[in-house]
Amino acid sequence: MATPVVRRKSPSRQSSVGKTKPAEKSGSYSIKEAVRFFTSDSSNRKVRGNPALTLAIQEVEVTAKREGLSQKVIGQLVDVAASAKFPDSISSRLIKSLLPSDKIPQDAIVKAISWMCTNNPSNEIQSLLVRWVILTYDLLDDLDDLHALYGVLFHFIENDALCPHVCHLLYLLTRKEDVLAFRVQRLLSLQKRVGVQPYIIGLLSVYKMYRPHLVSLVTPPTQRVFFRQTDRLWSAEVHKAKERIQRRLDGPDSAMERLQSSVTDGRSRAKKKKLDVIPTVSTSLLSLDGSGDAGYQLTGAHHGRVPVQHIKSFDDLLKNMDRLELPSQIAAVLDSPYLQHALCCHTEQHVVQRLSFWLYQVLHQELLDYSSEGPNCRAEWLLQMLINFTDFLHEDVPVCENFLVKYLHTWNGSDYRPYILRLITRFRIYPFQKLNDLLLEPLRSLFFCSSVFFKCQVIYTLTELLRNYVSIELPRHADMVCFQAVKEASAIQAGDTVLPQNQLSVFDVHVDNFQALHTIQELTEYVDRISTLALLIEKDHVLLMHYVLEFFELVSCLHLRYGVPFVYVPSSGSFYRALFSSNAMVCSRLCKIICNYKDEFQALKKMVSIEDSDSLFTSNMRDGIQLLNQYILDLSNALWRNKAFLSGNKTKVFDIPVTALQTTGVKHINEAFSIHLHMAMLPFANSFLEQTQPEGKKVHPSLIRSSERDAYLEFLKRERLDGVVAFINTFIKRNQTTPHKSQAAS
Amino acid sequence: MTSAVVYKVRHVRRHQYFSWAESQLKWQGKAWPTRRHTPYTKTPKSRRLHGKSSKLERTPVLPAGDTHSLKQLTSKTWHVYQVTPLNNFQHSAAALRKYSRHLSAALQAESHKGIGVDLESEIGDRAIFSIYKGLATSPDDPEAVELTIKAKGRSRVSARIICNAILCSVGSEHRDELAERLTMLPVLLVKGTAAVTRYVISWLQAQFDCHIRKMTFNPMALVWMVSMWAGISTGDKSKTVELLYTLPKAVEGLSRITLTIDATDAKTLWDSVHDEESVDFTADEVTAFIKALEAHFFHHFKIHLAALTLSRIGTPIVYIGSEGRLKILSEKAIHAVLQHITELVRDNFCRAS
């Protein structure tokens, strides 16, 4: 080839090479400039100390990896790399980044081979070029021109460095007419020279396949790897580029693959095989051919039902939703988000029962009957699918619940823990006694004999369970009870009328009519109780404290956020442990929770005055108010008013005989829990003083005078202790000599 | 409650000056709620003894020509599988013909895949579904279905039966409402090579959307069965009551212990524990029976059988292994045994809601 650059007639070429303006984005270096640098004759070709070259090569590499290079750029860069204009190190980096954004033009390949014939490029570059062609073989826009060079390529097998790669390329290119006796001869003589090599065997085996009479070679029957992949990183990049192109071609429809469960990628298919608990989507011929002995029919023609395999796009799915034939193995829906939508529209009894029977058996088989050591990844996969499914439905699958109850009794607390706890949060609402027996009791026995981290997880799980109850299960329970009453009434009135379909739940579960609110109340009390004990056992571990506070943060806004007419004030065990905690986060959040309660009670009082609730509720509320006032009083006495142990207050926690107080020997004991002297607050008081007081002065928290308290509060707010500040702003009437005893409700 | 005790002690020690545990006081005397609901079905307190009750009379009187078909169930070792309800299964002759054709085609296609090269993994080429009369006893039972798979073999003259399977439900009581399209045939008995069994099971699972799993019998179930049936004598002297215990792997030199009792002795013991008037066999009677055997064994060998795992039982009417193998010896006992297994299998199904 005389001219290295094939002049193509594309008008854009000149503009890109010659006269391109600097990139539109000011300050950024574009791929065009990089290409111009490489193609220009006047560029500095030194490797060391050449920032322009570094910049250009980096730009090419980054762009190639991110979005791939256009056809034109690839053509130009092939010339640059193959012409040995730049040193080999640069050329090889260029070749490795020749990743296309769309297709690789055949011209570029032809050019590369032409350059190889000139012997300009070194052996290494030549072999890289061949490997590049092999790796990107699937991305070529056409093969005819390349195939025309078959004979030329064949000559390269004499080059020992190139031979393995060339054999691989020929292996890909070979057509029947290429298999000629002399080529077989050449290969055999080569084999005589270099010994039996897998790549030669590989090429010969293709030849033998096309013309068995020409090659009398015994290939081993087992599939052998003829050609080894040498550069994993590179091929990974090419693979990514292929995926990127594929994704763009598929567009939004690629999501339908999940509906079809057709996995193109070899690796994930292997993975799937290992995890094949969930059957693939298929339509049974039997179920379509429902007409008895009529023989095979064309699928899809039957009864106007459309099998799932015929659904190719989401539009199809929507159009055929009412005529959809669900997969013959219903469990396949677990793997497909689209079919789960379909399932929700087909809640016939047999569908649900099939799924239930299958799920229970498979769960049993994979979790309870699984005997070998080590984790069962199929079980994990199944549980994850189940979690996704329940998340989608916003309700638990009843059999899964039954299974879980059974499993919990033998559970060691560590197998599949994240999955099991996650499934527990979806539990249905039951009378508390039942909930306790089925769920809380096994959890409790594990709770008290496990590490603090497990305790945290359980408290978190119960918090989420409560959230599930108040946000989903409680309204559903009320609706279900109502729905059942209507159904029964209509069944009595007219026996044969079509009953309204159950819109509330996919599963036809009969719910008992019980006071669901009582369950919530008892559950809250229960969690309060175990958390208090756990805090004692774990010595107020701060992580555990965090989860306990999170629980009460939820409880303290049940009415305002979730509309549940219920309130529960934390027991003094949890409350005072938090108050005397050595962590400011705990104190601050506690204060915030108390503020929440005040809003909650005010809202509830308004509601009660409007509609008369049952007596239990009002007495419950009276007790709550009493307790809350107690807390508020103690908190404000301790934090702000420096009155903690004053005998006149008669509070629960600070009611200690003066003689006993004196034995402690603490001076100014009433101030010991104020916002500047509280154990948790001391560091903040210290850093506040360091900021405000002159340097070098010996500081003591008592330096914070009442006049500076506002500044100190501001400081606390900046330090994100909003809770404390909010509490003081809510409950303490400032600017008065005697702070007003403020209470949430009379 | 240990944790509560711990709590009290520490509370006193650490906070002796504080009296703020007032609200805890309401919990201190209060134990955690006791359990009232059992989470899963337990073994019933008693089970109906087949043959003693009126159930036997409900066994259909078979036409003379069909009696041989029940005979073929006996004296063969079957593998027991449990099958969840079959979807869209029909008993009509046309439907059965269709299933036969489909399965035959599937088997032929499978054998052409080249897997069945050697004779061992031959999976046959002809499947025949047919109704198996005489097994269903209660009105809720669907008719049992027999599946026979034949292979031509090398001789190409006579087809051999290489797999025999029976799907049945015996004496099941109507428990839960089952959807109309589902058919409850929970027990699958299979006799055939591993390859063909596997293939047939996967075919059934795919076509009728069911889940098929090997039935296993835990020691508790085996104890029940041996106690219930030990006293049923067939009059054959050679048939004994047998209990096979396996030892833990840690024990060297001894892998299993077989306890064999003469049928007449077993009958004597059985009569002494069982109230003859009653049609039920109770859990207490089971315990008494098995305790007596264990005490006897301990007296002679100083080995506590209760500490070992019971893995196979034999009675004059049936042999059952824990891994799901079954051999029925007496034709009269077929219904009793299969009814009991049906019950056990259905206990394993969760209540489908």
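Bear in mind that the values in this text are calculations on the coordinates, not laboratory data. Model, not experiment: these values are computed from the prediction. As a convention, Cβ positions derive from the backbone with ideal geometry for all residues, glycine included, and neighbour counts pool all protein chains shown.
What is the Cα centroid distance between region A:413-438 and region A:324-373, reported in whole angstrom?
Region A:413-438 and region A:324-373 have Cα centres separated by 21 Å.
Tell me whether region A:310-403 comes out rounded, prolate or oblate; compute the Cα gyration tensor, take square roots of the eigenvalues as a ≥ b ≥ c, and use a/c under 1.5 as the rounded threshold. Display every interim value, and only then the final one.
Details: a/c = 2.34, a/b = 1.94, b/c = 1.20.
Taking the square roots of the gyration eigenvalues as a ≥ b ≥ c, region A:310-403 is prolate.
Need one number: nm distance between label points at A:Ser189 and A:Arg66, each 7 Å from Cα along Cα→Cβ, rounded to one decimal.
Here the answer is 5.3 nm between the modelled labels.
If you project the alpha carbons of region A:518-670 onto the principal axes, what extent comes out on each, in Å, largest first?
53, 35, 22
Let me know the Rg and Dmax you get for region A:658-725 when you use only its Cα atoms, in Å.
Cα only, region A:658-725: 13.5, 41 Å (Rg, Dmax).
To one decimal place, what orientation-averaged projected area in nm² is obtained for the convex hull of the Cα set of region A:547-632?
Details: hull surface 21.6 nm².
Value for region A:547-632: 5.4 nm².
Can you order the peptides B:309-320, A:370-381 by their average number of other Cβ atoms within 10 Å per residue, highest first? List each step's numbers first, then the result.
Details: B:309-320: 21.8, A:370-381: 12.6.
Going by the mean number of other Cβ atoms within 10 Å, highest first, we get B:309-320, A:370-381.
What's the ranking of A:42-48, B:284-290 by average number of surrounding C-beta atoms within 10 Å, highest first? Could the numbers behind the result be given before it?
Numbers: A:42-48: 11.1, B:284-290: 17.4.
Result, highest mean Cβ count within 10 Å first: B:284-290, A:42-48.
Let me see the P(r) profile for region A:507-578: every Cα-Cα distance counted, bins of 5 Å, each bin given as a percent of all pairs.
3, 15, 24, 20, 14, 11, 7, 4, 2, 0
Direction-averaged shadow area of the convex hull around the Cα atoms of region A:164-227, nm²?
On the way: hull surface 16.1 nm².
The number I arrive at for region A:164-227 is 4.0 nm².
Could you state, as a whole-number percent, how many of the C-alpha pairs of region A:357-477 are farther apart than 18 Å?
Counting pairs separated by more than 18 Å, the tail of P(r) holds 51 percent.
Rank by packing, highest mean first: peptides A:406-416, B:134-144, with packing defined as the count of other Cβ atoms within 10 Å averaged across residues. Don't jump to the answer; show the numbers that get you there.
On the way: A:406-416: 15.8, B:134-144: 18.5.
Result, highest mean first: B:134-144, A:406-416.
Taking a cut-off of 25 Å, what percent of all Cα-Cα pairs in region A:414-523 are separated by more than that? Before the final figure, lay out the partial values.
Numbers: 2048 of 5995 pairs.
So the portion of pairs separated by more than 25 Å is 34 percent.
Taking the Cβ of each residue in B:Ile303, A:Ile125 as the centre, tally the other Cβ atoms inside 10 Å and list the residues starting with the fewest.
Numbers: B:Ile303 15, A:Ile125 22.
With the sparsest Cβ surroundings first, the list reads B:Ile303, A:Ile125.
Largest first and in whole Å, what are the equivalent-ellipsoid semi-axes of region A:93-146 based on the Cα gyration tensor, each being the root of 5 times an eigenvalue?
Working: eigenvalues 67, 35, 14 Å².
Working through the eigenvalues yields semi-axes of 18, 13, 8 Å.
Mind checking A:233-242 for the average number of partner chain beta-carbons within 10 Å of each residue's beta-carbon? Working shown, then result.
Numbers: counts 0, 0, 0, 0, 0, 0, 0, 0, 0, 0.
Across A:233-242, the average partner-chain Cβ count within 10 Å equals 0.
Looking only at region B:218-252, which residues have a backbone nitrogen under 19 Å from a spot 7 Å from the Cα of B:Ala306 in the C-beta direction?
B:219-228, B:243-248
Over region B:158-205, one equal point on each Cα, no solvent: what is log10 I(q)/I(0) by the Debye formula at q = 0.18 Å⁻¹?
Here log10 of I(q) over I(0) equals -0.70.
For region A:555-601, what are Rg and Dmax over the alpha carbons, in angstrom?
Taking only Cα atoms of region A:555-601, I get Rg and Dmax of 11.4, 34 Å.
With viscosity set to 1.002 mPa s at 20 °C, what whole-number translational diffusion coefficient in µm²/s follows for region B:164-233 from Stokes-Einstein and a Kirkwood radius over Cα pairs?
Working: Rh = 14.8 Å.
In µm²/s, the coefficient is 145.
Can you check how the C-alpha radius of gyration of region B:217-322 compares to 2.2 N^0.38 Å, as a plain ratio? Mind dumping the intermediate values first?
Working: Rg = 13.6 Å, N = 106, 2.2 N^0.38 = 12.9 Å.
For region B:217-322, the normalised Cα radius of gyration comes out at 1.05.
Report, as an integer, the average count of C-beta atoms from other chains found within 10 Å of each Cβ along A:669-676.
Working: counts 0, 0, 0, 0, 0, 0, 0, 0.
The mean count of partner-chain Cβ atoms within 10 Å per residue comes to 0.
To the nearest whole percent, what portion of all C-alpha pairs in region A:33-148 is separated by more than 18 angstrom? Mind dumping the intermediate values first?
On the way: 3046 of 6670 pairs.
Everything past 18 Å amounts to 46 percent.
Would you please give the residues with an amide H less than 5 Å from that of B:Val318, counting only those at least 5 places away or on a separate chain, with H modeled from the backbone geometry?
Counting only residues 5 or more places away or on other chains, the set is B:Leu329.
Please work out the C-alpha center-to-center distance from region B:203-230 to region A:569-583 and express it in whole Å.
So the separation of the two Cα centres works out to 54 Å.
Over all directions, average the projected area of the Cα convex hull of region A:365-428 and note it in nm². Spell out each step's value before the answer.
On the way: hull surface 16.4 nm².
Computed as one quarter of the Cα hull surface, the answer is 4.1 nm².
Please compute the average number of Cβ atoms from other chains found within 10 Å of each residue's Cβ in peptide B:204-212. Before the final figure, lay out the partial values.
Details: counts 0, 3, 7, 6, 6, 16, 5, 12, 1.
Neighbouring Cβ atoms belonging to other protein chains average 6 per residue here.
Net charge around A:Ile125, counting only other residues with Cβ within less than 15 Å of its Cβ (Lys, Arg = +1; Asp, Glu = -1)?
Value of the local net charge: +1.
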